[in-house]
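Visitor: Take a look at this one; I'll ask things after.
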Amino acid sequence: MYKHSWSTCSALTSIAVLWLAGCDSPQDVVTNPAVPDSSAEARVEVEASAASILGEPLRGLTADELTRFAAGLEEFDEVETIDGGLGPVFNEAACSTCHTNPVGGTNGRVETRFGRLVAGLFDPMASAGGSLLQDQGIGPVGGDPPTHHYAAELVPTDATITAKRITTPLFGLGLVDAVADEYLLQLARLQATNSPRTAGTPHMVLEIRSGRMRVGRFGWKAQVPTLFQFSGDAYLNEMGITNPEFPDESCPQGDCTGLAHNPAPDLNDDGEGVEAFNDFMTLLAPPARGPNTFLVLKGRALFSQIGCANCHTPTLVTGPSPVAALSRKVFAPFSDFLLHDMGSLGDGIVQGQAGGRQMRTAPLWGVRTRTALLHDGRAPTIRAAIVAHDGQGRFARTRFLGLSVGGRAALLAFVRSL
């Protein structure tokens, strides 16, 4: 569902209002909401789609769409088998293993990426199985005694960079998928003009289905452009399930000769499983907001005033979609889905055009349900996550630490309400 028919004029209209809030300079703090947070229209649209219980489908779906959601949830929970194509190296045997607590969320499952610097350039060490480590193998295959043993991959001893990443929540991603590329490009241009110190960079990546370069928005580096591609990528790289867009198995520890013993060498999924998983994510509702107390309202103002909203854009607008519940909707992810230089908070991994210091702005909706924050889960609290910000996030961090005790409490109460 790609929204190029939505005109540039429409995209510009929806993000043209820039709210300058309590700052020393107009270029210090600029919020770029699609519409003001105080707008009754924004509240109605967001509340109409949000789930009161996490893991529920979007509100307003048709009977056919609800059926697709249910089928997608079943696929999401299905445990893959070796006969069905699991592996031969993989991370987990079911999507739900990582995206649970609650359904569609994240249990903080940590995965590993690795690489090294060669003459100052990042080497993903593909010949050694990088950059994503598959930490499980299907074990012995080929009879009794076995003719081969597929073991878990290990980080090579000559890797100089090792990064941990926790799995991301899936809530509301259909809304993110439905945002037009041009909308995000215009948002980046507005940031470059009005808040250059913290301006984000769109990550242009290849959409396999169309062969075109699209704005990435999924993954810690915004390295995936669409939910459909995200689904196929996860099937291959997380479960070892080959599919039409990702037909080639991951070579165990980079050794492709080992695939000669693969017990399921044919295409493992004809696309139906990937499509069903895509349906589940597309139709999964975003999290509802917590109570809107006086302290939360005070914190909301401070969130903009100290610059958090420069990157954690409060509201975005989707383009037209064949799913009415996703079409031209205002929603509140608190992210611009752009890349930002995070300094020491970067993970050192290069993916596509995303450098080692660059990370996608993490959406804040639903953050109150999580106990491990930042890309590697190092922060156990929201305060710890803020204090760890560096690079383009250092400015907001410094202002947060400069707030009064009451001001910091109010800002934290606001973020906990998301």
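Each reported figure results from applying straightforward, stated rules to the coordinates on display, with no laboratory input. No experiment lies behind these values; they were computed from the predicted model shown. With ideal geometry, Cβ positions are generated from the backbone for all residues, glycine too; neighbour counts draw on all protein chains shown.
Visitor: When a footprinting reagent is the concern and you count Cβ atoms within 10 Å, what order do V155, V89 take, fewest first? Don't skip to the answer; put the middle values down first.
Guide: On the way: V155 18, V89 24.
So the ranking, lowest neighbour count to highest, is V155, V89.
Visitor: Now for a separate question. Counting alpha carbon pairs within less than 8 Å and at least 6 residues apart, what relative contact order, in whole percent, applies to segment 103-182? Mind showing how you got there, number by number?
Guide: Details: 111 pairs, mean separation 30.9, N = 80.
Reported as a whole number, the value is 39 percent.
Visitor: Taking the highest mean first, how do the peptides 129-137, 379-387 order by number of other beta carbon atoms within 10 angstrom per residue?
Guide: Numbers: 129-137: 20.7, 379-387: 16.4.
The most tightly packed comes first, giving 129-137, 379-387.
Visitor: Based solely on its DSSP helices, what 222 nm [θ] is calculated for the chain when runs of n ≥ 4 H residues each add -39,500 (n - 2.57) and the sum is averaged over all residues, nearest 500 deg cm²/dmol? Numbers along the way, then the final one.
Guide: Values: 12 runs with 118 residues, N = 418.
Mean residue ellipticity at 222 nm (helix-derived): -8000 deg cm²/dmol.
Visitor: Follow-up question, since we're still on this one. Which value, in debye to the nearest 20, gives the size of the charge dipole of segment 128-268 about its Cα centre, when Lys and Arg are +1 and Asp and Glu are -1 at the Cβ? Kindly include the intermediate steps, with their values, before the conclusion.
Guide: Numbers: 9 positive and 15 negative charges, 178 e Å.
Computed about the Cα centre, the dipole is about 860 debye.
Visitor: Relative contact order, percent, of segment 313-418 when contacts are C-alpha pairs under 8 Å separated by at least 6 residues? If you can, show how the numbers build up before the last one.
Guide: Details: 142 pairs, mean separation 22.2, N = 106.
Worked out over segment 313-418, it gives 21 percent.
Visitor: So if the hydrodynamic radius of segment 117-249 is defined as the Kirkwood radius over C-alpha pairs, what does Stokes-Einstein give as its diffusion coefficient at 10 °C and 1.306 mPa s, in µm² per second? The partial results should precede the final answer.
Guide: Values: Rh = 17.8 Å.
In µm²/s, the coefficient is 89.
Visitor: Moving on to the next point. Lys/Arg Cβ at +1, Asp/Glu Cβ at -1, dipole of the chain taken about the Cα centre: which of G137, I166, A126 is farthest positive-ward?
Guide: Result: I166, furthest along the dipole toward the positive end.
Visitor: Hey, what did the chain get for relative contact order, percent, Cα under 8 Å, at least 6 apart? Spell out each step's value before the answer.
Guide: Values: 909 pairs, mean separation 92.7, N = 418.
Contact order relative to length: 22 percent.
Visitor: Pulled fully out, how much extra length does the chain show between D390 and L297, if you take 0.36 nm times their separation in residues and subtract their Cα-Cα distance? Write out the running numbers ahead of the final one.
Guide: Details: separation 93, 0.36 × 93 = 33.48 nm, distance 2.62 nm.
Net length gain for the segment: 30.9 nm.
Visitor: Then there is this: State whether segment 314-418 is rounded, prolate or oblate according to the following rule on the C-alpha gyration tensor (a ≥ b ≥ c being the square roots of its eigenvalues): a/c under 1.5 gives rounded; otherwise a/b larger than b/c gives prolate, and the remaining case gives oblate. Spell out each step's value before the answer.
Guide: Details: a/c = 2.05, a/b = 1.23, b/c = 1.67.
Here segment 314-418 falls in the oblate category.
Visitor: Okay, next question. Report the one residue of V89, L283, F414 whose Cα lies farthest in the direction of the positive end of the charge dipole of the chain (charges on C-beta: Lys and Arg +1, Asp and Glu -1; origin at the Cα centre).
Guide: Sorting the options by dipole projection puts first F414.
Visitor: Which of H203, L267, A234 sits closest to the plus end of the dipole of segment 178-308, meaning its Cα is farthest towards the positive end, when Lys and Arg get +1 and Asp and Glu get -1 on the C-beta?
Guide: Working it through, the farthest residue towards the positive pole turns out to be H203.
Visitor: For D279, D341, D255, which order do you get if you count the other beta carbons within 10 Å of each Cβ and list the fewest first?
Guide: Numbers: D279 25, D341 19, D255 11.
By the 10 Å Cβ count, ascending, the order reads D255, D341, D279.
Visitor: What dipole magnitude, in Debye to the nearest 20, does the chain give about its Cα centre under +1 on Lys/Arg Cβ and -1 on Asp/Glu Cβ?
Guide: Numbers: 32 positive and 43 negative charges, 555 e Å.
That gives a dipole near 2660 debye.
Visitor: Cα atoms only, the chain: Rg and Dmax in Å?
Guide: 21.5, 74
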